[in-house]
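For reference, the structure discussed in these notes is given below.
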Amino acid sequence: MTTRLSALEILRKLVSFPTVSRDSNIPLIDWVADYIETQGIESHRYIDPEQPKHALFAHVGPWEEGAIVLSGHTDVVPVDGQPWETDPFEVFEKNGKLYGRGTCDMKGFDALAIWALVEAHHAGISRPLQIALSFDEEVGCTGAPPMIEAMQPVLPKGAAVIVGEPSMMQAVSGHKGGAGFDTHLRGFEVHSSLLDRGVNAIMYGAKLIEWANEMNVANRDAEPAALAQAFDPPYTTLHVGMISGGTAHNITAKDCHFAMDFRVVPGEAKVEWEARYREKIAEVEAMMQAVVPETRIELTERFDVPALAPEENGEAETLVRSLTGDNASHVVSYGTEAGQFQQAGYSAVICGPGDIAQAHQPNEFVSRAQFEAGQAFMERLISRLQG
């Protein structure tokens with residue numbers, strides 16, 4: 001058995017793996033599996049059949065149902081083009097802040113969860129503890145559902161899941177749902193001087209993007225529904241963050257690609273927003289085909305993240321509140337894997353160190369105070385699990 005690492009030592013190791021979503025996370029998962037094995041803990045994996053990525057889950061304590069599950073993702077967003085002042089894949093401490101890609105979102109929590117799993121194993125807990133480390137959260141929470149499914153026949157079913165997204169160690173009981181659709185307009189190229197005979201995919205795509213703008217204004221100006229009032233903003237939002245297409249400035253664009261994303265408040269259905277989008281697509285497509293019949297618009301679902309609905313007397317929220325002393329109500333507009341655990345039959349809540357405002361930023365950091373608050377939370381959790 002090797003020496004048990006501190007939470008900070010684990011964080012330094014996790015950050016050293018550049019697990020950007022476009023790349024493999026296997027070296028990090030291998031390290032976690034090897035480390036906890038040296039402490040006498042068996043781990044299990046979900047292996048993605050289509051890309052070099054693994055999820056890891058493990059159980060300590062009595063081999064029975066009812067575990068508390070500590071859930072985190074291992075992928076991080078890119079650092080390309082960001083003005084970092086230090087090496088983003090090395091933890092650098094200055095003025096009470098721990099800098100590094102993922103220190104806040106969310107390798108800080110992952111490190112604390114791994115530390116807690118090892119400490120709980122050695123402490124001899126009477127109620128089980130599990131960890132679940134996923135991949136591809138940053139590209140639409142696509143790695144968690146197969147991991148959750150893979151856990152079911154291998155580990156005793158857990159009862160309450162704490163998803164450690166940065167929440168300043170507050171209990172977040174609800175978040176918006178999310179859906180994203182890759183949109184591809186196939187136009188018809190002609191010289192731009194003959195504009196009326198071609199179909200400019202970019203310009204017709206702009207009609208769909210302007211529709212999104214109109215929906216955002218209408219949603220903003222409408223009276224918020226009861227379930228939406230706690231959110232900021234208190235309405236469903238539509239967003240296009242990237243667009244590409246075209247061949248030259250004097251040719252009508254043959255292709256236009258963009259992703260239309262929806263962040264849907266509880267009480268509204270993502271399928272209804274998809275239906276409205278498809279209705280608008282059909283309208284624009286008809287305009288295109290009136291000029292050139294073979295033009296078209298193709299839609300492909302990119303991700304679908306269920307909302308996290310506040311639970312009445314939910315076990316996960318009740319536990320976190322008892323450990324933090326936080327009795328205020330908190331919801332967030334970003335999506336997480338908590339809704340996917342909830343959909344799979346777990347009680348779920350969000351609670352993790354750090355401020356979401358630091359996520360994805362250059363010089364990302366988690367404050368030392370928040371990291372230590374997270375460790376104190378884990379210590380109280382282990383004590384609670386000892387009964």
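Look through region 297-317, keep the residues that are of a type in the set (D, E, K, R) and surrounded by fewer than 14 Cβ atoms within 10 Å (Cβ to Cβ), and return whichever of them is modelled with the highest pLDDT. It would help to see each step written out before you state the result.
Within region 297-317, the first condition is being of a type in the set (D, E, K, R), and the residues that meet it are 298, 301-302, 304, 311-312, 315, 317.
When the remaining residues are screened for being surrounded by fewer than 14 Cβ atoms within 10 Å (Cβ to Cβ), the result is 298, 301, 312.
Numbers: GLU298: 98, GLU301: 93, GLU312: 88.
Per the criteria, the residue is GLU298.
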Scanning region 225-253 for residues that are touching a Gly at 6+ places or on another chain (Cβ under 7 Å) and closer than 17 Å to LYS270 by Cα, which turns out surrounded by the most Cβ atoms within 10 Å (Cβ to Cβ)? ALA228
Does GLU285 fit the bill of being in contact (Cβ under 8 Å) with a residue 40 or more places away in the chain and closer than 27 Å to ASN219 by Cα? no
Strands (runs of 3 or more DSSP E) contained in region 177-277 and holding at least 1 residues without any contact (Cβ under 8 Å) to a residue 40 or more places away in the chain and within 29 Å of ALA290 (Cα to Cα): 237-239, 243-245
Residue list for region 68-82, restricted to those being more than 24 Å from VAL349 (Cβ to Cβ) and among the polar types (S, T, N, Q): GLN82
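Across region 88-108, which residue is nearest to PRO18 (Cα to Cα) among those that are among the charged types (D, E, K, R) and surrounded by fewer than 24 Cβ atoms within 10 Å (Cβ to Cβ)?
First, the residues of region 88-108 that are among the charged types (D, E, K, R): 90, 93-94, 97, 101, 105, 107.
Of the ones still in play, those that are also surrounded by fewer than 24 Cβ atoms within 10 Å (Cβ to Cβ) are 90, 93-94, 97.
Working: GLU90: 10, GLU93: 19, LYS94: 21, LYS97: 20 Å.
Of everything passing the filter in region 88-108, GLU90 is nearest to PRO18 (Cα to Cα).
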For region 200-215, enumerate the residues that are over 16 Å from SER244 (Cα atoms) and either open to solvent by less than 40 Å² (accessible area, probe 1.4 Å) or modelled with pLDDT under 95 (or both). TRP211, ALA212, MET215
Looking only at region 12-55, how many residues end up being of a type in the set (Phe, Trp, Tyr), more than 16 Å from PRO146 (Cα to Cα) and touching a Phe, Trp or Tyr at 6+ places or on another chain (Cβ under 9 Å)? 2
Going through region 177-198 in order, the residues found to be touching a helix residue (DSSP H, G or I) at 6+ places or on another chain (Cβ under 7 Å), of a type in the set (A, V, I, L, M) and at pLDDT below 95 are ALA179
Given the condition modelled with pLDDT of 95 or more and open to solvent by less than 10 Å² (accessible area, probe 1.4 Å), answer yes or no: does some residue in region 41-51 qualify? yes
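Could you list, in sequence order, all residues of region 52-66 that are hydrophobic (A, V, I, L, M, F, W, C) and surrounded by 12 or more Cβ atoms within 10 Å (Cβ to Cβ)? It would help to see each step written out before you state the result.
From region 52-66, those hydrophobic (A, V, I, L, M, F, W, C) are 55-58, 60, 63; that's our starting set.
Result: ALA55, LEU56, PHE57, ALA58, VAL60.
Which one of these is open to solvent by less than 40 Å² (accessible area, probe 1.4 Å), in a loop (DSSP other than H, G, I, E, B) and closer than 24 Å to TYR235 by Cβ: GLY335, GLY339, GLY354? Spell out how you get there, then give the answer.
Working: GLY339 fails: in a loop (DSSP other than H, G, I, E, B); GLY354 fails: closer than 24 Å to TYR235 by Cβ.
Just a single option satisfies the conditions, and that option is GLY335.
Out of PHE371, PHE377, which single residue is within 18 Å of HIS73 (Cα to Cα), part of a helix (DSSP H, G or I) and not small (Gly, Ala, Ser)?
Details: PHE377 fails: within 18 Å of HIS73 (Cα to Cα).
It is PHE371.
State yes or no: is PRO146 in contact with an Asp or Glu (Cβ under 9 Å, 6 or more places away or on another chain) and either open to solvent by 40 Å² or more (accessible area, probe 1.4 Å) or on the phi < 0 side of the Ramachandran plot (or both)? Walk me through how you get there before you give the answer.
Details: in contact with an Asp or Glu (Cβ under 9 Å, 6 or more places away or on another chain): yes; either open to solvent by 40 Å² or more (accessible area, probe 1.4 Å) or on the phi < 0 side of the Ramachandran plot (or both): yes.
In short, yes.
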In region 116-143, what count of residues is obtained for those that are buried (at least 23 other Cβ atoms within 10 Å of the Cβ), touching a strand residue (DSSP E or B) at 6+ places or on another chain (Cβ under 6 Å) and part of a helix (DSSP H, G or I)? 2
Failed item, numbered, when ASP34 is tested on (1) buried (at least 18 other Cβ atoms within 10 Å of the Cβ); (2) under 14 Å from LEU14 (Cβ atoms); (3) more than 24 Å from the chain's Cα centre (by Cα): (1)
Restrict the check to region 153-176 and report whether at least one residue is crowded, with 20+ Cβ neighbours inside 10 Å, at pLDDT below 95 and of a type in the set (D, E, K, R). yes
Could you check region 357-382 and list, in sequence order, the residues that are modelled with pLDDT under 95 and surrounded by fewer than 16 Cβ atoms within 10 Å (Cβ to Cβ)? ALA357
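The values are calculated or read from the model by the stated rules, or taken from the named source; none is laboratory data. The structure displayed is predicted, hence computed values, not measured ones. Backbone-built Cβ (ideal geometry, glycine too); neighbour counts: all protein chains shown. Only protein heavy atoms, including side chains, enter the accessible area calculation; ligands, DNA and RNA are left aside. Shrake-Rupley method; radii C 1.70, N 1.55, O 1.52, S 1.80 Å.
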